[in-house]
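Report on the structure given below.
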Amino acid sequence: MKELSEFKNWLKEITEKNLEEEKLKFVWAIMKSPFVEFHYHLLKDKNLDAKFRGDLAFRFKEHGEKAEDFLISKLDNNQDIDFQADIIFLLGKLNKKYKAKILDYARKFTESDSDYKRDRAIIVLGWIGTVDDTKILGQHLLEDKNSKCRAWSASSFMQMWFNNKSETIKQKAFENYKLALADESDLFAISVILSVIRVMGKTKLGISQTALDELDFEKIEIAKVKAIRFLDNFLKN
């Protein structure tokens, strides 16, 4: 196992010489090391390119309980406030030892003035939230000023349903999707809503996923009418 100083020297060489082929080797080595704090600081290091930081973030969970302890301590001590959105996202992936705390923080962060912080918290609620959290998802789907937050609220309903297989969640999701489709103007948010209806409702809505991904306006408008009709029929039964 390398010493911390060796990791630092290795990273310096990678960045100074732009050794692309060494970056993945570094990620695999650091994730197996005991140096959780050093790994964490690399996630925030803007001197590293975005892809490298993304790979490092993706593998941070490999530290397991030590990572979870470390991240929770950051939130408990209100440290690294500008990085809390990413912290809650990382904790949502770990979610072993502190589920109740992670949920509490996620719920709190959905009230943040930061679009990105709400965005990350909404996704985490989809991963680990309960039926009670459908109220929060519905509120953001219908009222959030940020279109991505509205879109992730729609997809988080589906993720929560996947995890719980609850008809109550499905019912609440479809009720909110119907309301959202009536007023939503952002094409991406509409596309996400239609995508999740297709999956949860096991209906094609006369549109392909490719058309949804490409934000094909005309096809989405036609599918939107079909989706509202589908939701009406579902909610009547």
- Dipole in debye (nearest 20) - the chain, about Cα centre, beta carbon charges: Lys, Arg +1; Asp, Glu -1: 800 debye
- Task: Would you mind telling me the share, in percent, of accessible area of the chain contributed by carbon and sulfur at probe 1.4 angstrom?
- Result: 49 percent
- Positive end of the charge dipole of the chain (Lys, Arg +1 and Asp, Glu -1 on Cβ, about the Cα centre): tell me which of 81, 28, 9 has its Cα farthest that way. 28
- At most 15 other Cβ atoms within 10 Å plus a DSSP loop assignment makes a site exposed; report the longest stretch of the chain without any exposed GluC sites (Glu not before Pro). 4-110
- How big is Rg to Rh over region 56-98, alpha-carbon atoms, Rh as the Kirkwood inverse-mean-distance radius? 0.92
- Message: Quick check: convex hull over the Cα atoms of region 136-237, volume per residue in Å³, rounded to an integer?
- Response: 88 Å³
- Just list whichever of 145/204; 17/51; 117/219; 46/101 have alpha carbons separated by over 27 Å in the model shown. 145/204; 117/219; 46/101
- So for region 128-235, taking the charge dipole from beta-carbon charges (+1 Lys/Arg, -1 Asp/Glu), which of 210, 147, 234 sits furthest toward the positive end? 234
- Message: Given R₀ = 35 Å, what would the calculated FRET efficiency be for residue 66 paired with residue 209, taking r from the Cβ atoms and rounding to 0.05?
- Response: 0.35
- Note on the structure: Measuring from its Cα centre, region 174-225 shows a charge dipole (+1 at each Lys and Arg Cβ, -1 at each Asp and Glu Cβ) which, in debye to the nearest 20, is 360 debye
- Find out how many positive minus negative residues lie around residue 190, taking Lys and Arg as positive, Asp and Glu as negative, among other residues whose Cβ is under 14 Å from that of residue 190. -1
- Give me the accessible area of residue 112, 1.4 Å probe, in Å² rounded to the nearest 10. 30 Å²
- Query: How much net charge surrounds residue 41 when only other residues with a Cβ under 13 Å from its Cβ are counted (Lys, Arg +1; Asp, Glu -1)?
  - Reply: +1
- Accessible area in square angstrom per residue, region 60-145, 1.4 angstrom probe: 48 Å²
- Message: Pairwise over distinct Cα atoms, reciprocal of the mean inverse distance: report the Kirkwood radius of region 1-41 in Å, one decimal place.
- Response: 10.4 Å
- Query: When the dipole is taken about the Cα centre of region 118-227, and only Lys, Arg (+1) and Asp, Glu (-1) are charged at their Cβ, what size is it in debye, to the nearest 20?
  - Reply: 340 debye
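The values are calculated or read from the model by the stated rules, or taken from the named source; none is laboratory data. Please read all numbers here as calculations on a predicted model, not as lab measurements. Quick reminder, even Gly has a Cβ in these numbers, built from the backbone with ideal geometry, and neighbours come from all protein chains shown. We work out accessible area using only protein heavy atoms, side chains counted, and drop any ligands, DNA or RNA first. Shrake-Rupley method; radii C 1.70, N 1.55, O 1.52, S 1.80 Å.
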